[in-house]
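The values are calculated or read from the model by the stated rules, or taken from the named source; none is laboratory data. This is a predicted model, so every value here is computed, not measured. Here the Cβ positions follow ideal geometry from the backbone for every residue, glycine too, while neighbour counts run over all protein chains shown. Quick note on the areas: whole protein, heavy atoms, side chains included, nothing else; ligands and nucleic acids left out. Shrake-Rupley method; radii C 1.70, N 1.55, O 1.52, S 1.80 Å.
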Amino acid sequence: MTRLTVPYVTPWTGESTSPPPVTVTASGVAYADPAQDALARDVDGVLWALCGGTATGRPEYAAELHPERQRTAMENLLCACCKKPGARDERGMLWVLPLLDDSVDARWEGVRSAIPPMCEACAKTAPRLCPRLREGHVKLRVREAEPIGVRGTLYPRPGEQGPQDPDALVLFGSADLAFVVARQAVRELRRTTVVAFAAAIG
Ligand SMILES: [Zn+2]
């Protein structure tokens with residue numbers, strides 16, 4: 001049996017992403033420490049979660065993908081598991097996604113994914129490792145995967161009532177972008193071809 005290694009984007013119990021203190025002003029959310037803030041802003045001015053700790057302990061398959069590594073893989077279209085380039089053929093790039101709910105279009109067109117693509121080898125092994133894929137998954141080929149926004153914690157504006165939204169999807173171009181601490185880069189998968197569905201692995 002092939003030895004299975006923990007996927008690149010899987011977080012470990014030794015890692016943390018607890019956010020440093022933030023300030024919220026009319027112009028947006030910022031880390032209270034300007035040095036940390038500068039470190040965590042991307043070229044578009046989006047504030048990203050800061051990751052601490054080390055990849056030790058146990059892999060946490062059920063948790064959200066590790067923000068820093070998810071972003072690296074997603075922005076560069078690298079395999080979520082081994083960080084090699086995602087597989088491509090004439091139908092596009094290879095994506096393996098958990099089956100969501102009945103509301104998903106049967107053609108899996110326009111799915112907004114925070115899961116990066118995969119290479120051929122990992123597309124075979126990942127469902128044995130990842131509980132979400134083990135419960136059933138779809139294998140897609142994708143011709144267009146435009147970055148559309150981020151998932152993260154959306155802070156209320158000053159004077160606004162209500163709690164933070166810990167899992168908001170904020171699209172590029174939205175005024176909310178200044179008020180989110182991003183944890184996951186999101187792409188919209190278009191011109192898709194469903195290659196295979198797999199039922200739950202027993
Ligand atoms: Zn791979």
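Along the charge dipole of the chain, which of ALA121, CYS81, PRO7 sits closest to the positive end, that is, farthest toward it, with unit charges on the beta carbon of Lys, Arg, Asp and Glu (+1, +1, -1, -1)?
So the residue we want is ALA121.
How much length, in nm to one decimal, is gained on full extension between GLN161 and ASP44, taken as 0.36 nm per residue of separation minus their Cα-Cα distance?
Gain in length upon complete extension: 39.4 nm.
Describe numerically, in nm with one decimal, the distance between label points set 7 Å from Cα along Cα→Cβ at PHE197 and at SER27.
Each label point lies 7 Å from its Cα, and together they span 5.1 nm.
How far apart, in nanometres, would the label points at ALA35 and LEU171 be if each is projected 7 angstrom from Cα along the Cα-to-Cβ direction?
4.0 nm
For segment 104-193, which chymotrypsin sites (Phe, Trp or Tyr not before Pro) pass both filters: DSSP loop (anything but H, G, I, E, B) and at most 16 other C-beta atoms within 10 Å?
Sparse-neighbourhood loop chymotrypsin sites (Phe, Trp or Tyr not before Pro): PHE172.
Kindly report the accessible area of segment 15-198 per residue (heavy atoms of protein chains, probe 1.4 Å, no ligands, DNA or RNA), in Å².
Per-residue value: 51 Å².
Treating the angle as unsigned and between 0 and 90°, give the value, to the nearest 10°, between the Cα long axis of helix 67-76 and the longest Cα principal axis of the chain.
60 degrees
Measuring from label point to label point, each 7 Å out along Cα→Cβ, what is the ARG132 to GLU146 span in nm?
2.4 nm
Can you give the accessible area of ASP167, probe radius 1.4 Å, in Å² rounded to 10?
Taking all protein chains as shown, ASP167 has close to 80 Å².
Can you compute the radius of gyration and Dmax for segment 15-58, using only the Cα atoms, both in Å?
Taking only Cα atoms of segment 15-58, I get Rg and Dmax of 12.1, 40 Å.
Rounded to a whole number, what % of the accessible area of segment 15-198 do carbon and sulfur atoms account for, probe 1.4 Å?
Numbers: 4910 of 9300 Å².
On segment 15-198, the fraction of accessible area on carbon and sulfur atoms equals 53 percent.
Dipole magnitude of the chain about its Cα centre, charges +1 at Lys/Arg Cβ and -1 at Asp/Glu Cβ only, in debye to the nearest 20?
920 debye
To the nearest Å, what is the center-to-center distance of segment 121-137 and segment 143-158, using C-alpha atoms only?
Taking the Cα centre of segment 143-158 as reference, the centre of segment 121-137 is 26 Å away.
Can you list, bin by bin at 5 Å, the percent of alpha carbon pairs in the chain, starting at 0?
1, 7, 15, 18, 19, 15, 11, 8, 4, 1, 0, 0
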